[in-house]
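Chemist: Pasting a structure below so you can have a look.
Quick note: the coordinates plus some simple rules give every number you see, no bench work behind them. Note that the structure is a prediction, hence the values are computed from the model and not measured. Neighbour counts run over all protein chains shown; Cβ positions are idealised from the backbone, glycine included.
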Amino acid sequence: MSTKERLLSLFEENKGLYISGEEIAEKLSVSRTSVWKAVNRLRRDGYKIDAIQNKGYSLSINTDILSVQGIKKYLNSTCNNMKLNVLSKVKSTNTFLREKASNEEEYVVVANAQTEGRGRFGREFYSPSDTGIYMSLLLRPKGVDSNQAIKITTMAAVAACEAIEKVSDENPEIKWVNDVYIKGKKVCGILTEASLSIENGTLDYIILGIGINVYQPIDGFPKELENIAGSIFSKRQKDGKNRLCAEFLNFFMNYYKEIKKTDYTKKYREKSLVIGKEISILSLNEKKKAFAMDIDEDCYLIVRYEDGTIERLFSGEISIRLSKN
């Protein structure tokens, strides 16, 4: 770990407090000159670090920059074995992890921006710099087959809702199967990709990608998204992105560690914004109207078509008229 990274860890653990250059040098076992250089490198990265003679340096409590050090201080013990990496920019966090899959176990990558972010069905996922969290998890669930992969997606949706509730005053809801909405606008999308073991038919690994709109982009969302996309916060929060990222990992990993035992489906159903609503089920060739009757214990959507036929859906895309109150 570099001097800059170790200094950031020290600042994150003592955010808002002043630490003398001499004390920092002693704690990090480096020279005062090295401390000064590391402080300046952090400042160039965007960190607001105050310096007062005879008091030392202090990282501003208003700092909101994604970092390994900033996320780790909020993580609980369920995340102890994860390898965590934070990047300023990447093409796609899912693509990044696919390239790591052959050599890694539990790996999490978080990016401040994506240049080729992807959503479901190959759609672009708008991923501007500094306003969102773009994260992917490499997971190796034991004895889970492809039909159970929906559990990973739905666990993530519940965890996203719980994390948002913990760090904000908002009441998020889930649009089956993988989108999280606040006041009728999408603030979070989830993309799960899997590799199947040919030998036993179980999953070799899963890459869970999640994009969260924490703040509104400076210039607003693109025209095609302005009536669809929203954000969690209307103004900057103290360490909002690190806290939200960590709380998502805490909630998700708590479910994932007990994937064959945990009962999260009740929360998923409670958060559903489609149960009891008229919806449209979309496919490549048609759009069928249906009534969303329920979500079962496997998080499959149970629908009734206009002709009275009932179907149990485990994947697909739906549309629903949403209120933006």
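Chemist: What ranking, highest mean first, results for peptides 282-290, 72-80, 129-137 when packing means the other Cβ atoms within 10 Å averaged over each residue?
Modeler: Most protected by this proxy first, the peptides run 129-137, 72-80, 282-290.
Chemist: Can you compute the radius of gyration and Dmax for segment 278-319, using only the Cα atoms, both in Å?
Modeler: So, for segment 278-319, Rg and Dmax equal 9.7, 29 Å respectively.
Chemist: What fraction of the Cα pairs in segment 3-59, stated in percent, has a spacing above 19 angstrom?
Modeler: Summing the P(r) of segment 3-59 above 19 Å gives 12 percent of all pairs.
Chemist: Could I ask something else about it? Are there trypsin sites (Lys or Arg not before Pro) in segment 144-249 that DSSP marks as loop and that have at most 16 other Cβ atoms within 10 Å, and which are they?
Modeler: Here the trypsin sites (Lys or Arg not before Pro) that fit, given the DSSP loop and packing criteria, are K183, K223, K235, R236, K238.
Chemist: Here's another thing I want to ask about it. Helix 240-256 against the longest principal axis of the chain: what's the angle in degrees, Cα atoms only, rounded to the nearest 10?
Modeler: Rounded to the nearest ten degrees, it is 50.
Chemist: Okay, next question. With labels modelled as points extended 7 Å from the Cα through the Cβ direction, what inter-label distance (nm, one decimal) is found for K235 paired with R44?
Modeler: 3.3 nm
Chemist: Next question. How far, in degrees from 0 to 90, does helix 32-44 lean away from the longest principal axis of the Cα atoms of the chain, to the nearest 10?
Modeler: It works out to around 40 degrees.
Chemist: Between S319 and K100, what is the FRET efficiency for a Förster distance of 45 Å, r being their Cβ-Cβ separation, to the nearest 0.05?
Modeler: 0.80
Chemist: Label D145 and E13 with points 7 Å out from Cα along Cα→Cβ: what is the distance between them in nm?
Modeler: 4.8 nm
Chemist: Arrange the peptides 30-43, 107-120, 204-217 so that the one whose residues have, on average, the most other Cβ atoms within 10 Å appears first.
Modeler: Those peptides, ordered most packed to least, come out 204-217, 107-120, 30-43.
Chemist: Would you compute, for the Cα atoms of segment 241-325, the largest minus smallest coordinate along each principal axis and list the three values in descending order, in whole Å?
Modeler: Reported extents, whole Å, longest axis first: 45, 33, 25.
Chemist: Roughly how big is the chain's charge dipole about its Cα centre, with Cβ charges of +1 (Lys, Arg) and -1 (Asp, Glu), in debye to the nearest 20?
Modeler: Value, rounded to 20: 860 debye.
Chemist: Pairing the Cα long axis of helix 150-167 with the longest principal axis of the chain, what angle in degrees results, from 0 to 90 and rounded to the nearest 10?
Modeler: It works out to around 50 degrees.
Chemist: How much mean residue ellipticity at 222 nm does the chain get from its helices, if each DSSP H run of length 4 or more adds -39500 (n - 2.57) and you divide by all residues, to the nearest 500 deg cm²/dmol?
Modeler: It lands at -7500 deg cm²/dmol.
Chemist: Within 10 Å of each residue's Cβ, count the other Cβ atoms and sort F248, F314 from fewest upward.
Modeler: Final ranking by Cβ density, sparse to dense: F314, F248.
Chemist: Here's a follow-up. Ranked from highest to lowest mean number of other Cβ atoms within 10 Å per residue, what is the order of the peptides 301-312, 58-69?
Modeler: 58-69, 301-312
Chemist: Go ahead and run the numbers for FRET between S283 and V30, Cβ-Cβ distance against an R0 of 41 Å, rounding to 0.05.
Modeler: That pair, S283 with V30, gives E of 0.10.
Chemist: Taking the Cα centre of segment 278-319 as origin and charging only Cβ (+1 Lys, Arg; -1 Asp, Glu), how large is the dipole, in debye to the nearest 20?
Modeler: 200 debye
Chemist: Given a cut-off of 22 Å, name the pairs among K27/K241; K151/K289; K15/K73 whose C-alpha atoms lie farther apart than that in the structure shown.
Modeler: Violating the 22 Å limit, Cα to Cα: K27/K241; K151/K289.
Chemist: Projecting each Cα onto the charge dipole of segment 278-319 (Lys/Arg +1, Asp/Glu -1 at the beta carbon, about the Cα centre), which of I318, Y305, N285 comes out farthest on the positive side?
Modeler: Looking along the dipole axis, the top candidate is N285.
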